[in-house]
Amino acid sequence: MNGNIIGLFLYYWVFILGALFAIKMFNVTDDDGLIPILIVLTGGGALLKNLDKRLKLETGMPIIVADDPLSSVVLGSGQALDNIEILREIAIE
């Protein structure tokens, strides 16, 4: 049963990522042209065995796992709160 739940989760995740990159991927540029895009897995999901390999296979995108996936979520949240004004500017209402 767990395999089916994870498979369904992964299917929808890949579908959403594909839709996002189809819309945004080629609009991300700097002065030199396209900015390379990669996916960094953080949090508990990053600890799922071979998730990075499966996402790379499904999306064709480079995938890396954060060195310390659980701590990176906490540290990133802290940085976002330290810069709350910037967070408010980029937040979707």
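The values are calculated or read from the model by the stated rules, or taken from the named source; none is laboratory data. Note that the structure is predicted; figures quoted are calculated from it, not measured. We place every Cβ from the backbone using ideal geometry, glycine too, and count neighbours over all the protein chains shown.
In segment 58-71, which residues are farther than 15 Å from Leu38 by Cβ and of a type outside the set (Asp, Glu)?
Correct list: Pro69, Leu70, Ser71.
Every residue in segment 64-93 that is surrounded by 10 or more Cβ atoms within 10 Å (Cβ to Cβ), among the aliphatic types (A, V, I, L, M) and not in a helix (DSSP H, G or I), please.
Once the filter is applied, which keeps residues that are surrounded by 10 or more Cβ atoms within 10 Å (Cβ to Cβ), among the aliphatic types (A, V, I, L, M) and not in a helix (DSSP H, G or I), segment 64-93 yields Ile64, Val65, Ala66.
Identify the single condition in (1) modelled with pLDDT of 85 or more; (2) under 15 Å from the mean Cα position of the chain (by Cα) that Leu55 does not satisfy, given that it satisfies every other one.
The single condition Leu55 does not satisfy is (1).
Name the single residue, out of those in segment 20-52 being assigned to a helix (DSSP H, G or I) and more than 13 Å from the chain's Cα centre (by Cα), that is modelled with the highest pLDDT.
Leu47
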